[in-house]
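What follows is calculated from the coordinates using simple rules that are stated; it is not laboratory data. Predicted model, so just to flag it, every value in this text is computed and none were measured. Heads up, the Cβs are rebuilt from the backbone with ideal geometry, glycines too, and the neighbour counts pull from every protein chain shown.
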């Protein structure tokens, strides 16, 4: 490993380009949970040690600090480390600095952003819909807030499955609204994600290669039989709900509400328009005229008219039954979706804990213990005991995904170089290290944005407050200000100022540039320099994210891709991001140019882009081929951005 002797001096030179920002307190679990985490690492290591010993396989070589930092930043925050972050870590002499870094990144906003990307893909979250009443911005805000709060995963799932009401009241209803008018497909997606079981074929006929029958499919789907999505008087019959609305209606007609609006917008026509619009929306909601999720006890899900098996007749209503496992009790007299949510997310539901544990392992190691992730057969797992252990660890940690991530990142397997030999078909992988992976589309984009701007997460999509959180004139004003009416919007997280609204000019709305325009060609295009989690979900067609395989958010299986393509090559060679980063006013270019010695410039470029020092032979080649002119520096940046090494997690 090359020790960066000149790095402290370079960091001093570059300090003006990077203003230190307050860091959140590191991840700090309770003493009891920390003990479970350490024991869990030992358990996982012991299981893998045993399997590798049986197979007479060694672990891969350990990683140096540079490779570790790059991997853990990309895996936890979705982006490569900045030059300054990497230098700081490399020069840190604390004996447990890797643990400290993991704890700090788990508590970062980058972790929230990247984890949101993961679940946005899994749950097929879309910003745009033909139905404006779906209000996906509320659901996205709820998801980010749940991750930020470190809400247990099983609690998140329960809240989604059992959710009722308008999305403005209960943002978790966005989970059901996503599959409006697709109840049977909704069930198939649910089992793939939460139970690692693909029962989709049984929707139309008995499964050809598994035990699922069409009757079993409808029996499980019957837990959603009472689920309805619509508008109507049924939504306002609940006594408690009517009381809440009656109290709030008085508030919204109180002079303090008008005062709050007028203090922001002035006593003018705009203020009057906003007051009127808000009161109209509230009236629609209180009268059940806004799209909502609710249960209709009279609604049923009968077998289809073309049902052809002898165990039932077409049109029969099947008694609800769980597709795998056994009943686990639960509240009596609860509606069917609450019963389903309780069973689905229960710690004793082994398939539920297995599904998420296997997914999280695959997220960090590149491959699940059992594949495919959406249809696990334990007997085909590469190490059934490891799969069982991971599931038990997930339950022991109360479905705390941060704590589970900590455990995986401290395992021996994770802390080894990636395996670069492709596993032969039919041969099991035993995790001597992670699988060599190309970064996801979101990781590539977020890494490029990190090289472009000082604070990539400064600009974010606002999370609209729930209407039920409106308690006075000022919180009502906040609700009004955060309404998007379906338009994409960004706010400055430092000031709360709206700095971009869909359809408005995007080039001069802030002190820090948030968009760039093409310098070449006849057509002017804008590129919003924000993290993938803050862009439209998914990004528009033609965006770098889509070219590099971002999911269209239509399917769970095979929805995203990490396969290379010609459009990707063209984007790297002469696309917008490369154009920006090689420009003389880019953040990266100014960092490299701030030092005069060509050898040091090479170090800055390599550490910024590839997150390692150049070898002596690379330095010699660069000195021979390039100088310190601006065109030479642009060529150096271009060359490093176009190397396969930039896109892979080693």
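Looking at the chain, the DSSP beta bridges with both ends there are about 95 percent antiparallel. The base-10 log of I(q)/I(0) for the chain, evaluated at q = 0.11 Å⁻¹, reads -1.21 [Debye formula, identical scatterers on Cα atoms, solvent excluded]. Please check which bits of the range 30-67 a label hung off residue 392 would reach, taking the label as a point 7 Å along Cα-to-C-beta and the cut-off as backbone N under 16 Å. Residues 36-51 fall inside that zone. From its DSSP helices (H runs of at least four residues, each -39,500 (n - 2.57)), the chain gives a residue-normalised ellipticity at 222 nm of -14000 deg cm²/dmol. Ranking of 531, 38 by neighbouring Cβ atoms within 10 Å, starting from the fewest: 38, 531.
Taking a point 7 Å out from the Cα of residue 148 in the direction of its Cβ, the residues of the range 450-472 whose backbone N falls within less than 18 Å of it are 455-470.
Under 8 Å for C-alpha pairs, at least 6 residues apart: give me the relative contact order for the chain, rounded to a whole percent. Don't skip to the end; give the middle numbers.
Values: 945 pairs, mean separation 121.1, N = 650.
After rounding, I find 19 percent.
Sorting 127, 277 by the number of Cβ atoms found within 10 Å of their own Cβ, with the fewest placed first, yields 277, 127. Taking other C-beta atoms within 10 Å as the exposure proxy, 79, 389, 259 rank 259, 389, 79 from fewest upward. For residue 269 and residue 45, the difference between the fully extended length at 0.36 nm per residue and the C-alpha to C-alpha distance is 73.9 nm.
If you average the sequence gap of Cα pairs under 8 Å that are 6 or more apart and divide by the length of the range 124-344, what percent do you get for the contact order?
26
May I ask you to derive the relative contact order of the range 373-456, considering only C-alpha pairs under 8 Å and at least 6 residues apart, and to give it as an integer percent?
Working: 42 pairs, mean separation 17.6, N = 84.
Relative CO of the range 373-456 lands at 21 percent.
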